[in-house]
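Step one of this worksheet: look at the structure below.
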Amino acid sequence: MPCADLGPIEWVQVADQTLEGTLFIVRSATPAFDVAYGRFVQNPTPAKVVGQWTASESRTVSIGFFFSQSVTVTSTIVRGFSAAVTVTTGVQVVQSRTTRVGVGATAVIPANSTMLGEYGLQSFDVVFDMQRVTTVPGSPTCYLWLDSTIANNTAHVPTINEGWRFTLV
């Protein structure tokens, strides 16, 4: 199979002219929101009002892997996995991200309503398979090791995006 058709792979030299990498097959990436700060604003009046929120807490979210078999997590695996999820979702994912403090927002709260304002990170809950791939430098062909597939792995992955989410409750 042509290596270019497989997507991003981080290669490691394992023998004289042999490179080995891990192919990540992302089966699903479900959006998630990691809340760092949240507060309610209640409007008990018969008119709409403007609520104000300012994030006063931060949160760090890092990639969390859950493998179906024993796997040693290396920087090469993290880079390859992050690249595969970024290509699949179209959103840049990162190994770790900490939200900022002091970010403010306002929202209109309808009469006799309560609104929850939450600040946090956009993340993904990812289901993926991984498979070993081998090639020789300069060769356009990759060899998939079918017996090396590790299926049904999951990961929680932060992105570079953080912001506010408002919900009437």
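This table checks each residue for (1) of a type in the set (Lys, Arg); (2) within 18 Å of the chain's Cα centre (by Cα); (3) in a strand (DSSP E or B); (4) buried (at least 18 other Cβ atoms within 10 Å of the Cβ).
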| residue | (1), (2), (3), (4) |
| --- | --- |
| GLN13 | no, no, yes, no |
| PHE33 | no, yes, yes, no |
| SER56 | no, no, no, no |
| GLN69 | no, no, no, no |
Task: Selection from the range 127-141 of residues that are on the phi > 0 side of the Ramachandran plot and either in contact (Cβ under 8 Å) with a residue 40 or more places away in the chain or polar (S, T, N, Q) (or both) - done: none
Task: So GLY38, is it in contact (Cβ under 8 Å) with a residue 24 or more places away in the chain, in a strand (DSSP E or B), buried (at least 17 other Cβ atoms within 10 Å of the Cβ) and more than 16 Å from the chain's Cα centre (by Cα) - done: no
Task: Any hit, the range 98-118, residues being closer than 22 Å to THR60 by Cβ, modelled with pLDDT under 95, of a type in the set (Lys, Arg) and out of contact with any Gly (no Cβ under 7 Å at 6 or more places or on another chain) - done: yes
- [ ] Might you check whether a residue that is under 26 Å from VAL41 (Cβ atoms) and either part of a loop (DSSP other than H, G, I, E, B) or not hydroxyl-bearing (Ser, Thr, Tyr) (or both) occurs anywhere in the range 133-146?
- [x] no
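Go over the candidates GLN95, GLN122 one by one and state the one that is touching a strand residue (DSSP E or B) at 6+ places or on another chain (Cβ under 7 Å), surrounded by 13 or more Cβ atoms within 10 Å (Cβ to Cβ), at pLDDT below 95 and closer than 30 Å to SER58 by Cβ. It would help to see each step written out before you state the result.
Working: GLN122 fails: at pLDDT below 95.
Of GLN95, GLN122, the one residue that is touching a strand residue (DSSP E or B) at 6+ places or on another chain (Cβ under 7 Å), surrounded by 13 or more Cβ atoms within 10 Å (Cβ to Cβ), at pLDDT below 95 and closer than 30 Å to SER58 by Cβ is GLN95.
The values are calculated or read from the model by the stated rules, or taken from the named source; none is laboratory data. All values reported here derive from a predicted model rather than from experimental measurement. Virtual Cβ from ideal backbone geometry, glycine too; neighbours counted across all protein chains shown.
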